[in-house]
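Here is the structure we will look at, set down as structure tokens.
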Amino acid sequence: MKKLLCVTIALLCTATMQAQEEEKDVTKFLGIPVDGYKPAMIEKLKAKGFTSTTWDKDVLEGEFNGADVQVSIATNNNKVWRIMLADKNNRGETDIKIRFNELCRQFGNNSRYTPMTDEEQTIPDDEDISYEITVNDKRYEAVFYQMPDSVTIYNESKQSLLSQYTQEQLDKPTKEISREIYLQYLFNKLAYLNNKVWFMIAEYARKYYICMYYDNGYNKADGEDL
């Protein structure tokens, strides 16, 4: 039975990977898929109101979520895999803790995001972050996955099995079909782990700012060029 289950999982995994190659639901920034080529991405960001900086035409600047930011685009094999935003204005320790915790709250209250961990990601009010960063080399970051709710993923999983079963069978599944739907649900949910959005506190001359990253894990380097 275990061997059969392993084979089933392997087959489903292969099928899922093939489906992802055909059409990936990748991370989006301001509704723009983090994908494609850098020149096209720059034009799409300019259409959203960002403009090129005076010192580098590939680095953009503008307003995002109420803060002035600079935007950089990272590529791998000429494909966009990351959008990085950095605050233009530095802040003191108290203000950066407020900004970091407010971002944690905003992402936590947004139904499109799921935290990577069940542990609390906010910074305690009495924590001395300058000491922790300087002495203990502590890194303050929070990670979320950009994904639809569980009901949507479940319905997607059912629809992906329409080539094998009728809609009626999927709506009133047997135990065997229910198991297949559940396995497909797990694989679909795992696929969204490639849609990572995270942010961290960066420091320069005892002043602090937020760096935020919208990552498309499908395009990220994974040793294929080694």
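The values are calculated or read from the model by the stated rules, or taken from the named source; none is laboratory data. Source: prediction; values computed, not measured. In this analysis, Cβ positions are derived from the backbone assuming ideal geometry, glycine residues included, and neighbour counts consider all displayed protein chains. Note: areas computed on protein heavy atoms with side chains; ligands, DNA, RNA excluded. Shrake-Rupley method; radii C 1.70, N 1.55, O 1.52, S 1.80 Å.
Provide K189, K38, K158 ordered by accessible surface of protein heavy atoms (probe 1.4 Å), highest first.
Highest to lowest solvent-accessible surface, that is K189, K38, K158.
The stretch between R206 and L161 holds 10.7 nm of extra length on full extension. This uses 0.36 nm per residue minus the Cα-Cα distance. For the chain, the relative contact order works out to 25 percent when only alpha carbon pairs closer than 8 Å and six or more residues apart are counted. M147 exposes around 20 Å² of accessible area when a 1.4 Å probe is run over every protein chain in place.
Available extension along the chain between E141 and E102 is 12.7 nm, counting 0.36 nm per residue and deducting the alpha carbon span. Between 0 and 90 degrees, the angle of helix 93-108 with respect to the longest Cα principal axis of the chain falls at about 20 degrees. According to the calculation over all Cα-Cα pairs in region 46-108, the P(r) per 10 Å bin from zero is 19, 42, 31, 8, 0 %. Placing R0 at 25 angstrom, the Cβ-Cβ distance between Y37 and L226 gives a FRET efficiency of 0.60 after rounding to 0.05. In plain terms, the chain from T122 to M84 could stretch by 11.6 nm, reckoned as 0.36 nm per residue minus the Cα-Cα distance.
Accessible surface ranking for D137, D68, 1.4 angstrom probe, highest first: D137, D68. Taking only DSSP H segments of four or more residues, each worth -39500 (n - 2.57), what value at 222 nm results for the chain once the sum is divided by all its residues, to the nearest 500 deg cm²/dmol? When only DSSP H runs of four or more count, the value is -11500 deg cm²/dmol.
The phi torsions of region 109-116, fed into the Karplus equation with coefficients 6.51, -1.76 and 1.60 and a -60° offset, translate into couplings of 8, 8, 5, 7, 10, 10, x, 5 Hz, rounded to whole numbers, with Gly and Pro shown as x. The C-alpha radius of gyration of region 108-226, expressed as a fraction of 2.2 N^0.38 Å, stands at 1.51.
Counting GluC sites (Glu not before Pro) as exposed when in a DSSP loop with at most 10 other beta carbons within 10 Å, what is the longest stretch of the chain free of them?
121-223
Computing FRET efficiency as 1/(1 + (r/R0)^6) for D95 and S52, where r is the C-beta to C-beta distance and R0 is 45 Å, gives about 0.95.
Using the structure shown, select from K88/K189; K138/K189; K44/K97; K79/K189 the pairs with a Cα to Cα distance greater than 26 angstrom.
Values: K88/K189 35 Å; K138/K189 31 Å; K44/K97 32 Å; K79/K189 24 Å.
Those over the limit are K88/K189; K138/K189; K44/K97.
Here, the chain yields an orientationally averaged convex hull projection of 16.7 nm² when only Cα atoms define the hull.
Normalised per residue, the accessible area of the chain is 61 Å², obtained with a 1.4 Å probe and no contribution from ligands, DNA or RNA.
Ignoring ligands, DNA and RNA, what percent of the accessible area of region 89-170 is carbon or sulfur (1.4 Å)? It is 45 percent, rounded to a whole number.
Using a 1.4 Å probe on the protein chains only, how many percent of the accessible area of region 20-83 belongs to carbon and sulfur?
Looking at region 20-83 in its full context, I get 45 percent from C and S.
In degrees from 0 to 90, rounded to the nearest 10, what is the angle of the helix 38-47 Cα long axis to the longest principal axis of the chain? Compared with the principal axis, the helix lies near 70 degrees.
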